[in-house]
Amino acid sequence: MGNKLKLYSPVTEEAGVIMVFTKMHEQLGFKKLVTSSARGFDIDSIDYKGRDVTIEFEYVSSNYIKHEHPFKMIDGRKYVVICWYDDCDLKAKVKQEYNKEIEEVICLDKYVEVVSDTENQKSNKDNKDIKYLILNYNPDYADNRSFYEWSNSNLYRLNSRFSDGIPEGSKVLIKQGNFIVGGFDVVRYQYIEELSDSELELYKKLTDYPITLFDNDMSDLKNEFIKGHIFYDNFFIIDKVKIKFSEAFPNKRMSYDGRIYITKEEYDSVIK
């Protein structure tokens, strides 16, 4: 598609998806913008590469199901879902579970580059823009290993797509179930969109055990490549006093991309 659209802040909700779409609709194949409709979908009728389609905007593709749109689909209509990224293989899921056909799922994160201006870059360099955040840990996705086993590793992979980055020096708490179980400091965050076969071979050699606790085979890396990577130090565990997440942060909820931002004061209150 040529040069990517540059944004100076990350897309975190449906409104951002719509904004990006209006900036690049022609490059995507929508020559003429039309207004929204009231039939249950965001745009009932629009020309897409010579086909008349219905559009629904979502932040992540799974919201299409969460918002019960499959039940509103009309046989014979062509439906295109435009989202930031496809987190559930939406076309296959809708076909399998609802016997409905989605014409196409367009993921806008492929066409956008999130960049920082000079002022923000300087702030990051001086560690003035560090973040305090909570990430979720699920042993089911780590071969049933406890979080404590990561104490001697250096790399923590993320299923979520933090393409906007996590600044160096940021402080991370780890939530498992309803408990805060530990944390670490961010040395570097690396988001890798895609690797060639030869790059995957090198990636495997550089990131297999003991850098992480895994020894992946190539087929696993190709089929389930995890794009977010946190290199960390100052790993710690909280095991003497049980800290309930619901009590420490009663008004906090995990975002769609799997993180919760907190203040320095909230972070300090947990690790004191």
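Numbers below:
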{"read-out": "Residue order, fewest to most beta carbons within 10 Å, for D47, D239, D87", "value": "D239, D47, D87"}
{"read-out": "Kirkwood hydrodynamic radius of region 133-217, Cα pairs, Å", "value": "14.2 Å"}
{"read-out": "Normalised contact order of the chain, rounded percent, pairs of Cα under 8 Å and 6 or more residues apart", "value": "16 percent"}
{"read-out": "Spatially near lysine pairs across region 5-113, Cα under 19 Å, sequence gap of 8 or more or different chains", "value": "25"}
{"read-out": "√(5λ) per eigenvalue of the Cα gyration tensor, region 5-113, largest first, Å", "value": "21, 17, 12"}
{"read-out": "Highest-fluctuation residue, L195, L173, L90 considered, GNM on the chain with Cα pairs under 10 Å", "value": "L195"}
{"read-out": "Ranked I230, I130, criterion: other C-beta atoms within 10 Å, fewest first", "value": "I130, I230"}
{"read-out": "Ellipticity estimate at 222 nm from DSSP helix runs (n ≥ 4, -39,500 (n - 2.57)) divided over the chain, nearest 500", "value": "-6500 deg cm²/dmol"}
{"read-out": "Those lysines that a straight Cα-Cα span of less than 18 Å connects to K175, excepting residues fewer than 8 apart in one chain", "value": "K131, K240, K242, K244, K252, K264, K272"}
{"read-out": "Descending Cα extents along the principal axes, the chain, whole Å", "value": "60, 41, 39"}
{"read-out": "Förster radius 45 Å - calculated FRET efficiency between L195 and N99 (Cβ-Cβ, nearest 0.05)", "value": "0.80"}
{"read-out": "Where N is the number of residues in region 161-272, Cα Rg divided by 2.2 N^0.38 Å", "value": "1.23"}
{"read-out": "For K131, K66, order by how many other beta-carbon atoms lie within 10 Å, fewest first", "value": "K66, K131"}
{"read-out": "Cβ-placed point charges (K, R +1; D, E -1), dipole of region 5-113 about Cα centre in debye, nearest 20", "value": "280 debye"}
{"read-out": "q = 0.31 Å⁻¹, region 5-60: log10 I(q)/I(0) [Debye, one scatterer per Cα]", "value": "-1.34"}
{"read-out": "Linear extension gain, K205 paired with Y256, 0.36 nm per residue minus alpha-carbon span", "value": "15.2 nm"}
{"read-out": "Most fluctuating residue given options Y111, Y141, Y85, as computed from a GNM of the chain linking Cα atoms under 10 Å", "value": "Y141"}
{"read-out": "Pairwise centroid distance, computed over Cα atoms, of region 53-117 with region 141-187, Å", "value": "29 Å"}
{"read-out": "Length-normalised contact order of region 129-271 in % [C-alpha pairs under 8 Å, at least 6 apart]", "value": "35 percent"}
{"read-out": "Listed residues M19, V105, I237: farthest to the positive end of the dipole of the chain (Cβ charges)", "value": "M19"}
{"read-out": "Selection from G165, Y79, N251, by position along the positive dipole direction of the chain (Cβ)", "value": "N251"}
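Computed from the coordinates by the stated procedures, all read-outs in this text should not be read as laboratory data. Only a predicted model underlies this, so the values are computations on that prediction, with no experimental measurement involved. We place every Cβ from the backbone using ideal geometry, glycine too, and count neighbours over all the protein chains shown.
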